[in-house]
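Here is the structure we will look at, set down as C-alpha cells.
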Amino acid sequence: MKAVKDTVKLFRLNHRPGKIVLLSLLALDVILICDVSWLVILLFTSWSWYEFFGRVVPMVVMVLILNVYCYSIFGAHLTLSREGITLWEQSQTFFLPWKSITMIQGAEDKLLIILEEPATFTNSLREGKLQLKAVIKRSLLNRLLYRLAKLSESNIQRQWLYVNARGYLRQRQARASWQEYMQKYGSHIRMIDMSELGESVVPKADVE
C-alpha cells in the first residue's frame with residue numbers, strides 16, 4: 001500500500017473559488033480601511049458625530065459580518081492526520097484521536113462518531129492534541145453564555161458527535177484519502193452503513 005500523507009485537509013466547498021472569495025474580501029477590507037481613514041479625517045474637519053455613526057459604523061459592521069460569514073463557509077475543513085481527525089466549522093470544532101473512536105455510523109456521508117471515552121469541552125484544541133484526548137472547542141458565544149450562567153464546561157462531556165461530511169467527501173480524491181486514513185490509522189474502528197440497517201445506535205446519555 002502506498003504511503004499515506006502526514007496531514008490531508010479536506011474543505012467543505014471547492015477551495016479554489018473559496019480562495020478567490022477570501023482574496024476579494026481582503027481587497028475589500030483594504031479599501032474599507034482607506035475609506036474609513038479618510039472619513040475619520042473628514043470627521044475632525046467638517047463632519048458631525050451623527051454622520052459618522054450613521055454612515056461609517058454601519059458600513060464597517062456590514063463588512064465585518066460579511067468577512068466572518070464567508071470565512072466560516074469557505075474556511076470550513078476536515079483535517080486527517082496520523083494523530084486523529086480535526087473538524088473546523090462555524091457550528092462546531094473538535095479533535096478526535098483515532099484511538100478514542102470505536103464506531104462510525106454513516107449514510108450518504110452523514111457520519112455519527114461514537115467515542116470510547118467522552119469528549120470534553122475546552123477553549124482550545126491544543127491541549128487535546130498534545131495529550132491525544134478527544135476535545136470539543138466551544139465558540140466564543142457559548143463560552144460567554146456558560147460564564148453568565150455560571151456553569152462549568154469541564155463537567156460537560158459528549159459520547160458521540162455528528163458530522164455532515166457530504167461536502168468534505170464529495171470529490172473522489174477526498175473519499176480516497178478518507179479510506180486511506182481509515183485503513184492506516186482507523187482499522188480498529190467498527191464501520192456501520194446505516195443506509196442498509198436503517199437504525200442508529202446512539203448512547204442514551206451524552207451529558208454527565
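Mind listing the long-range amide H neighbours of PHE11? Cut-off is under 5 Å, sequence gap 5 or more, other chains count too, H placed in the peptide plane at 1.01 Å from N.
LEU78
Please give the contour-minus-distance gain from THR7 to ASP109: 0.36 nm per residue of separation, less the Cα-Cα distance, rounded to one decimal in nm.
34.6 nm is the gain from fully extending THR7 to ASP109.
Full extension from MET59 to LYS184: what is 0.36 nm times the residue separation minus their Cα-Cα distance, to one decimal in nm?
40.0 nm
So the label point goes 7 Å from the Cα of ASP193 along Cα→C-beta, right? Which residues of segment 93-124 then have their backbone N under 20 Å from it?
Answer for segment 93-124: 103-114.
At most 13 other Cβ atoms within 10 Å and a DSSP loop assignment: could you name the trypsin sites (Lys or Arg not before Pro) in segment 70-142 that fit?
For trypsin sites (Lys or Arg not before Pro) across segment 70-142 that sit outside H, G, I, E and B with at most 13 neighbouring Cβ atoms in 10 Å, the list reads ARG82.
On a full-extension model of 0.36 nm per residue, what is the gain between ARG126 and VAL36, subtracting their alpha-carbon distance, rounded to one decimal in nm?
28.7 nm
May I ask you to evaluate 6.51 cos²θ - 1.76 cosθ + 1.60, the Karplus curve with θ = phi - 60°, for each residue of segment 166-178 and list the ³J(HN,Hα) values in order in whole Hz, giving x for glycine and proline?
Calculated HN-Hα couplings, in order: 4, x, 6, 10, 5, 7, 4, 5, 5, 5, 5, 5, 4 Hz.
Values in this text are rule-based calculations from the coordinates and carry no lab data. Source: prediction; values computed, not measured. Quick reminder, even Gly has a Cβ in these numbers, built from the backbone with ideal geometry, and neighbours come from all protein chains shown.
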